[in-house]
Amino acid sequence: MTVELLPDPDTEARVRADWARLADAGLSSMARHPSPSNRPHLTLLVRGELPVTRFDAALALLPVTLRLSAPVVFRHGDRGVLARGVELTEELRALHRAAHDAVPSGDDAPHTRPGEWTPHVTLARRLRMSDLDRALGLIGQPHDGAGVALRRWDSAAARVTPLG
């Protein structure tokens, strides 16, 4: 289960444009996942189990500035995840902390634990590293936008729940 920060419409459109350019070039892209729940987001928290919780303190911090920066790659052998990096500002760090403070301690995914978090918006999963240079040439410019809403994603039930 995850808690995710959703971007403003303009920022979402820019990320979707990156998805479309990758897909149009025949590369791995999040655009290839047609589910209505698939939308650009920044993951704040990942756990196997997540109790129903109110995120009032985190919601009170919205909106927060989202600075989409240069692409980042999380490599796994000959493949990797291609993402837009997101600048870790103090206001984004405070939102991340508030989301974690809202839930009892638990088994956080390593990449979302406070102090280990790398904020990003995924563009492609399982991208062949041999396609990386071509993919990087298709990614838009850095962009300042906003994170405006939180949602909970339950992958086991394939259910999205808006928070707040």
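The values are calculated or read from the model by the stated rules, or taken from the named source; none is laboratory data. Everything numeric in this text was worked out from a predicted model, so none of it was measured. All Cβ positions, even for glycine, are placed from backbone atoms using ideal geometry, and neighbour counts span all protein chains on display. We work out accessible area using only protein heavy atoms, side chains counted, and drop any ligands, DNA or RNA first. Shrake-Rupley method; radii C 1.70, N 1.55, O 1.52, S 1.80 Å.
Some values worked out for this structure:
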| read-out | value |
| --- | --- |
| Some residue of the stretch 4-26 being open to solvent by 30 Å² or more (accessible area, probe 1.4 Å) and in contact with an Asp or Glu (Cβ under 6 Å, 6 or more places away or on another chain) | no |
| All positions within the stretch 124-164 that are part of a strand (DSSP E or B), of a type in the set (Val, Ile, Thr) and modelled with pLDDT of 95 or more | Val148 |
| Contacts under 6 angstrom Cβ, first residue in the stretch 118-132 being over 9 Å from Val86 (Cβ atoms), partner of a type in the set (S, T, N, Q) and outside any strand (DSSP E or B), 6 or more apart | Ala124/Ser28; Ala124/Ser29; Arg126/Ser28; Leu127/Ser28 |
| Residues satisfying the stated conditions in the stretch 31-82, i.e. touching a His at 6+ places or on another chain (Cβ under 9 Å) and either part of a helix (DSSP H, G or I) or among the basic types (Lys, Arg) (or both) | Ala58, Arg67 |
| Failed item in (1) more than 23 Å from Val3 (Cβ to Cβ); (2) in contact (Cβ under 8 Å) with a residue 24 or more places away in the chain, with His76 passing the rest | (2) |
| Unique match (being under 17 Å from Glu4 (Cβ atoms), touching a Phe, Trp or Tyr at 6+ places or on another chain (Cβ under 9 Å) and modelled with pLDDT of 95 or more) among His111, His41 | His41 |
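The rows are residues; the columns are (1) in contact (Cβ under 8 Å) with a residue 60 or more places away in the chain; (2) surrounded by fewer than 18 Cβ atoms within 10 Å (Cβ to Cβ).
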{"position": "Ser28", "(1), (2)": "yes, no"}
{"position": "Arg32", "(1), (2)": "no, yes"}
{"position": "Phe55", "(1), (2)": "yes, no"}
{"position": "Thr65", "(1), (2)": "yes, yes"}
{"position": "Leu88", "(1), (2)": "no, yes"}
{"position": "Arg93", "(1), (2)": "no, yes"}
